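Just so it is clear, none of the values below were taken in a lab; they were calculated from the coordinates. This one's a predicted model, so the numbers in the text were calculated from it and none came from an experiment. Cβ atoms come from the backbone with ideal geometry, glycine included; neighbour counts cover every protein chain shown.
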Ligand code: ADP
Ligand code: MG
């Protein structure tokens, strides 16, 4: 049986016009596949009446609710979308039914707000499929083993879609969004960003992990594990989008990647410099215990420089209070990452990055590199000119 999973993101279900496009995409796909599974996000971004952020605004920042109750609230956005899309399909005489994550058999642990999916009971979905329904499933959520609604973290609908695809042995998975596919940089920051027609799971994983929010990194990881091709497409047009597949497939088809394939960025970074004699093991263990994940880090004999998500700044300051150190920090930083599977072992990439950022007067605060990435921490105000300069330097335009 050829099964297609289609996931529609927030902007794709935000307006009546967008939802009409969604219905067209589903109805067209139905002609080509034996079964379609639809996964939807909450409608729109901040400010839209039923978006996740708007729901959170209802309780304010200082709420005393438990994480379990917050999950009850924020799971509603996707449930509303699933019912509305189901309704539109029914109005077009397409047999459809709306399901919560739990209804669709998605079982998680009880790590509320960012639960892990531990099992998918496909029986329920399979019986809906057998009866000819298109299940329209609320993304980003599941149900814990003891029956409570859980959510799986921001961007989670991508993961819902890919995990369902894996569990059902889907032929392909389509992620519909508001851009034409995966681009060489975020088109909102770099207007000369170009669409990438075919790219490997690994490269997209690196991009997503470096902040390109077009797809969630764990969704890419699961698709690679399952070996299911992923397509990123625009809900609002008919362009073919980006096909994400294995590196071997790209080599087979003789698709020659450039040395650098894209530039990603992640905002809201804070860089700490901590000087003095402290027990590094104890200190970093304490950060981990408080769920502070370290982005970039350099350790010197009496000094450590590390970058974290700005959200965690107050926790770090509180922990540092217990140590005798000389601490300073820089707020409003941003990490820009150059990505390319082929750069491994190629000399001179870092030199080109430094040169091109220097030329536009951007100060580099810290760097980090891995096999397929080089990241620079910069001031957020330098974001646009940095991405544009690097995009040009590596001939991505
Ligand atoms: P959705 O609500 O559909 O999940 P997201 O906002 O999560 O949409 O992701 C789509 C956005 O990702 C685009 O609007 C774009 O600004 C951003 N983005 C960041 N990096 C890239 C990239 N390299 N290619 C395409 N889009 C990107
Ligand atoms: Mg998204």
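Values computed for the structure shown
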read-out	value
Relative contact order (%) - region 193-257, alpha-carbon pairs under 8 angstrom, separation at least six	41 percent
Region 35-168: proportion of alpha-carbon pairs further apart than 27 angstrom, %	17 percent
Largest to smallest principal axis extent of the C-alpha atoms in the chain, angstrom	67, 54, 34
Tilt relative to the chain, helix 16-30 - C-alpha long axis, 0 to 90 degrees, to 10	70 degrees
Alpha-carbon spread of region 145-284, three principal axes, descending order, Å	57, 47, 31
Sorted peptide list for 127-135, 61-69, 285-293, 99-107, criterion being average Cβ within 10 angstrom, highest first	99-107, 127-135, 285-293, 61-69
Fraction of beta bridges assigned by DSSP in region 107-235 that are antiparallel (%, nearest 5)	45 percent
Choice from 336, 38, 94 showing the highest fluctuation, given a GNM over the chain with Cα pairs closer than 10 Å	94
Principal axis box of region 323-397, alpha-carbon based, largest edge first, Å	45, 26, 15
DSSP-defined beta bridges in the chain - what % are antiparallel, rounded to 5	60 percent
Rel. contact order, % - alpha carbon contacts under 8 angstrom, at least six apart, the chain	13 percent
Between region 38-98 and region 213-230, the Cα center-to-center distance that results, in Å	23 Å
